[in-house]
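Here the structure comes first, spelled out in structure tokens, and everything after it is commentary.
The values are calculated or read from the model by the stated rules, or taken from the named source; none is laboratory data. Quantities reported herein were computed from a predicted structural model and do not represent experimental measurements. With ideal geometry, Cβ positions are generated from the backbone for all residues, glycine too; neighbour counts draw on all protein chains shown. All accessible areas refer to the heavy atoms of the entire protein, side chains included, with ligands and DNA or RNA removed. Shrake-Rupley method; radii C 1.70, N 1.55, O 1.52, S 1.80 Å.
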Amino acid sequence: MMNQVNFLGIGLDPITYDELFKKIDTWKLDKKGRSHHIACINAFNVALALKNEKLKRIYNSADVVGADGMPFVRWIRMINRQSCDRIAAPDTILKLAEHAKKTDYTFYLYGGAPDVCVKMKEFLCEKFPHIKIVGHYSPPFRELSEAEDEAIVNEINRLAPDIVCVGLGTPKQDYWIDEHLYKINGSVLIASGATFDFFGGRIKMAPDFIRKSGFEWVHRLLGKDFKRLWKRYTIMYVIFLYNFLLQKSGLVKYNLSSVKHSD
């Protein structure tokens, strides 16, 4: 908590992948306890949480609140003088898949359209022949019934994956993780958003130099999802920047209200 950097009331954790791996390796030892939540936070998430107390609580209570976005990472490194890697879902999943050579992590994919979910599995298996994906499921767009939800929870618990990639879109995936943190045993739940579309081939990920530049949002905005994303990358980003300037000028205070889950 002392290390967290406050962005409009969301406390981001300055953390490197080496530090993250150590946490996950420790969590993996307890397969009967609650699951853990890795939140990948960008400006859109922060802007959404400004007037959504439930979402703010979910983000701040995550076990790791990672900086997903190079502007956040650069601010933490240059202004706060703290070591920090970009904890974006696609990068995190790729690094965990590579790290699984040593740790034997197992994975479960939950989300995406049916064909996209299958193609994501095929992509990961081709790229990482050692990877163990123990199951995958593309839920219907509608809300699941209690019986349907119980069935998928039972399946995940039976398969006991170490990592569950949840790709339902923001904020639906965040609500799902919050509701299932104590239903699913001993897994690490990662809100994976567009990762399913990237790895499943529905949309093309920006080249590395664009992602590192901090302008990945422009690449996505000008892609095939323009109609869905234009508000996110115009109105919501303006809302974030306006409030961020108010915070840094001292005109408005955004207090952290973080209560972490107990193990």
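Brief remarks on what is shown
- For the stretch 41-193: rounded, prolate or oblate by the Cα gyration tensor [a/c cutoff 1.5]: oblate
- Reference-scaled alpha-carbon Rg (2.2 N^0.38 Å with N residues) for the chain: 0.97
- Mean sequence separation of contacting Cα pairs (under 8 Å, at least six apart), scaled by the length of the stretch 1-139, corresponds to a relative contact order of 21 percent.
- Simple spin-label estimate for Lys32 and Val153 in nanometres, 7 Å along Cα-Cβ: 1.9 nm
- Computing Rg and the Kirkwood Rh from the Cα coordinates of the stretch 77-125 gives a ratio, Rg/Rh, of 1.13.
- Dimensionless Rg ratio for the stretch 110-184, taking C-alpha atoms and the 2.2 N^0.38 Å reference: 1.11
- Beta bridges per DSSP, both residues in the chain: antiparallel share near 15 percent.
- Cβ-derived FRET efficiency at R0 22 Å, Lys260 paired with Tyr137, nearest 0.05: 0.15
- In this structure, the residue pairs whose Cα-Cα separation is over 27 Å, taken from Lys95/Lys248; Lys127/Lys172; Lys95/Lys172; Lys23/Lys132, are Lys95/Lys248; Lys127/Lys172.
- With Rh defined as the Kirkwood radius, the inverse of the mean 1/r over Cα pairs, the Rg/Rh of the stretch 1-116 is 0.98.
- Where the chain is the region considered: accessible area per residue in Å², 1.4 Å probe: 50 Å²
- Our helix-only sum for the chain, with -39,500 (n - 2.57) per DSSP H run of n ≥ 4 divided by its residues, gives a mean residue ellipticity at 222 nm of -13000 deg cm²/dmol.
- Overall, the accessible surface of the chain at a probe of 1.4 angstrom is composed of carbon and sulfur to the extent of 57 percent.
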